[in-house]
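These notes concern the structure reproduced below.
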Amino acid sequence: MYNVKSMKAEEFIDHGEIMDTLAYAEANKNNAELLDAIMAKAELRKGLSHREASVLLACEDKERQEKLFRLAEQIKKDFYGNRIVLFAPLYLSNYCINHCVYCPYHATNKHIGRKKLTQEEVRREVIALQDMGHKRLALEAGEDPINNPIEYILDCIKTIYSIKHKNGAIRRVNVNIAATTVENYRKLKEAGIGTYILFQETYHKESYEQLHPKGPKHNYAYHTEAMDRAMEGGIDDVGLGVLFGLERYKYELAGLLMHAEHLEAVHGVGPHTISVPRIKRADDIDPSVFDNGIDDDIFAKIIAIIRIAVPYTGMIISTRESQKVRERALHLGISQISGASRTSVGGYTEEERPEDTQQFDVSDQRTLDEVIKWLMELGFLPSFCTACYREGRTGDRFMELCKSKQIQNCCHPNALMTLKEYLVDYASAPTRALGEELIQKELLNITKAKVREVCKQHLSHIEQGERDFRF
Ligand code: SAM
């Protein structure tokens, strides 16, 4: 049945192929010759197949794992430098008609506060986010065609892009809403969204159906084929993810990489990002009832393997994870993180009881300023850049630049300029001091002299109050 180019979920995520892959991985987990050959291929930085990645995941040899971690870190540096892109989620509405058993927004939860932001409230949330320094958002909403129809999401996007408060601006709006029609994806594209993000939750069809017992999300094929419809609707940056803890992680890794292979085979471009959420405690959700929870070590191994399997794909870790876990993950290939997130509707402006509408507990509760300072202390370059998508460098155009490492001559100066904006407009004095020093050092890493010169000029214009330069 397995057919990477098929448009049918059950053929491109074929259960039989995943089971064969897991058996092959188990049988070969100590096959030194094969493991060496897979690592040698990984070192070429052209990625690995789901089978090869599964063998690495099955292998329990500590020495090999250390080698894998070092390679993952190096590959991240080769393609993405030391830049880490920052974003924040914005919860628009927690009305939902689905019954996802791991999510407190499920329709049968009668005691959680239900809330949908008005356009005025969206405005206030966005101003609060701009005042922190955010430039990139991920919109989040439950699925409810009456309360949150596509027109509502489109109105919110329009409102968000229209707000210019002081020097603030949201320059890229990514969207994480339920699977929808080609026509709606087209509307989202026209509204100027960046990435369309949709987590698969689990690739295991039977578990998927049990975990989503009722509501439109119950339909495994409709959900799994969503990215194909999004691409048909003109969205060429799509973000995949699995909610780790629901199913066996080995099954999920194989499924996730098969999904990436399918997108590449059919549309000529793989996923723009992959997220790695783990189930968290929430209103009426106890993560320990899901038996497939993974510990921090397995989590780290999964991140490193995804990084080497799809070297050009951005990888996202959210504030679901603690500072400690995020720090480890940053050294294994993560390229984007959220900061100062609120997972409640109205959470950025509500003074009282924002936890009433919260989707899940946030582990990393630091301010954006603290996160930025921490990143710089760890040797990373925080970036608020949104230029690629605004310059039309999306989909395969972005991937080509990334593969040829040309991205270094636009992303790096863009990171420096957007960090400079952050430092001038929002940073505390210690963060600013550290950042200014970093910018001077990082300027030397721009390889093209001409680009370096122009970047320097832009930096001085930013100092004088001008904004929004980009390569
Ligand atoms: N309604 C959209 C959908 O169905 O895809 C958007 C989903 S929700 C706002 C974003 C993601 O949060 C979900 O896809 C799910 O993976 C994750 N999520 C739900 N409950 C969670 C929990 N208890 N802990 C951690 N993540 C959770």
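On the accessible surface of the chain, probed at 1.4 Å, how many percent belong to carbon and sulfur atoms? C and S atoms contribute 50 percent here.
Per-residue Karplus couplings for region 120-134, computed as 6.51 cos²θ - 1.76 cosθ + 1.60 with θ equal to phi - 60°, are listed in order as 5, 5, 4, 4, 5, 4, 5, 5, 4, 5, 5, 5, 7, x, 5 Hz, Gly and Pro entered as x.
Here the relative contact order of the chain, from alpha carbon pairs under 8 Å that lie six or more residues apart, stands at 19 percent.
Note on E66 and E183: their simple-model spin labels are 6.0 nm apart, each label 7 Å out from Cα toward Cβ. For the chain, taking a cut-off of 4.7 Å between Cβ atoms, the unpaired cysteines are C59, C96, C156, C385, C388, C402, C410, C411, C455. Of the peptides 167-177, 328-338, 435-445, the order by per-residue mean of other Cβ atoms within 10 Å, starting with the highest, comes out as 328-338, 167-177, 435-445.
Kindly sort V424, V371 by accessible area of their heavy atoms, largest first, with the probe set to 1.4 Å. Walk me through the intermediate numbers first.
On the way: V424 40, V371 0 Å².
Sorted by accessible area, descending: V424, V371.
Count the DSSP beta bridges whose two residues both fall in the chain, then state the antiparallel fraction as a percent rounded to the nearest 5. The antiparallel fraction comes to roughly 5 percent.
Over the chain, DSSP H runs of length four or greater, each weighted -39,500 (n - 2.57), average out per residue to a 222 nm ellipticity of -14500 deg cm²/dmol.
What is the local net charge at P430, summed over the other residues whose Cβ is closer than 15 Å to its Cβ (Lys, Arg +1; Asp, Glu -1)? Taking every Cβ under 15 Å from that of P430, the sum is -2.
Could you tell me which trypsin sites (Lys or Arg not before Pro) in region 7-60 are loop residues by DSSP with no more than 14 other beta carbons within 10 angstrom of their beta carbon? Could you put the intermediate results ahead of the total?
Details: sites: K8, K29, K41, R45, K46, R51; in loops: K8, K29, R45, K46.
Those that pass, being in a loop and sparsely packed, are K8, K46.
Note down the net charge around E232, summing +1 for each Lys or Arg and -1 for each Asp or Glu among other residues with Cβ under 11 Å from its Cβ. Result for the local shell: -1. Return the percentage of antiparallel bridges among DSSP beta bridges fully within region 151-299, rounded to the nearest 5 %. In region 151-299, DSSP labels about 10 percent of beta bridges as antiparallel. Per residue, the solvent-accessible area of region 198-281 (1.4 Å probe, heavy atoms of protein chains only, all protein chains present) comes to 28 Å². The phi-based Karplus calculation (6.51 cos²θ - 1.76 cosθ + 1.60; θ = phi - 60°) puts the 3J(HN,Hα) values of region 15-26 at 4, x, 5, 5, 5, 5, 4, 5, 5, 4, 5, 5 Hz, whole numbers, x for Gly and Pro.
Kindly list the residues of region 291-322 that lie in the label zone of K77, defined by a backbone N under 16 Å from the point 7 Å along the Cα-to-C-beta vector. Under cut-off, by backbone N: 308. The packing ranking, built from the mean of other Cβ atoms within 10 Å per residue, places the peptides 106-116, 278-288 in the order 278-288, 106-116, highest first.
Which order, highest average first, do 81-87, 11-17 follow once you tally other Cβ atoms within 10 Å for each residue and take the mean per peptide?
Values: 81-87: 23.0, 11-17: 18.9.
Going from most to least packed, we get 81-87, 11-17.
The values are calculated or read from the model by the stated rules, or taken from the named source; none is laboratory data. This is a predicted model, so every value here is computed, not measured. Cβ sites come from the backbone with ideal geometry, for glycine too, and all protein chains shown count toward neighbours. Note: accessible area is taken over every heavy atom of the protein model, side chains too, but ligands, DNA and RNA are not part of it. Shrake-Rupley method; radii C 1.70, N 1.55, O 1.52, S 1.80 Å.
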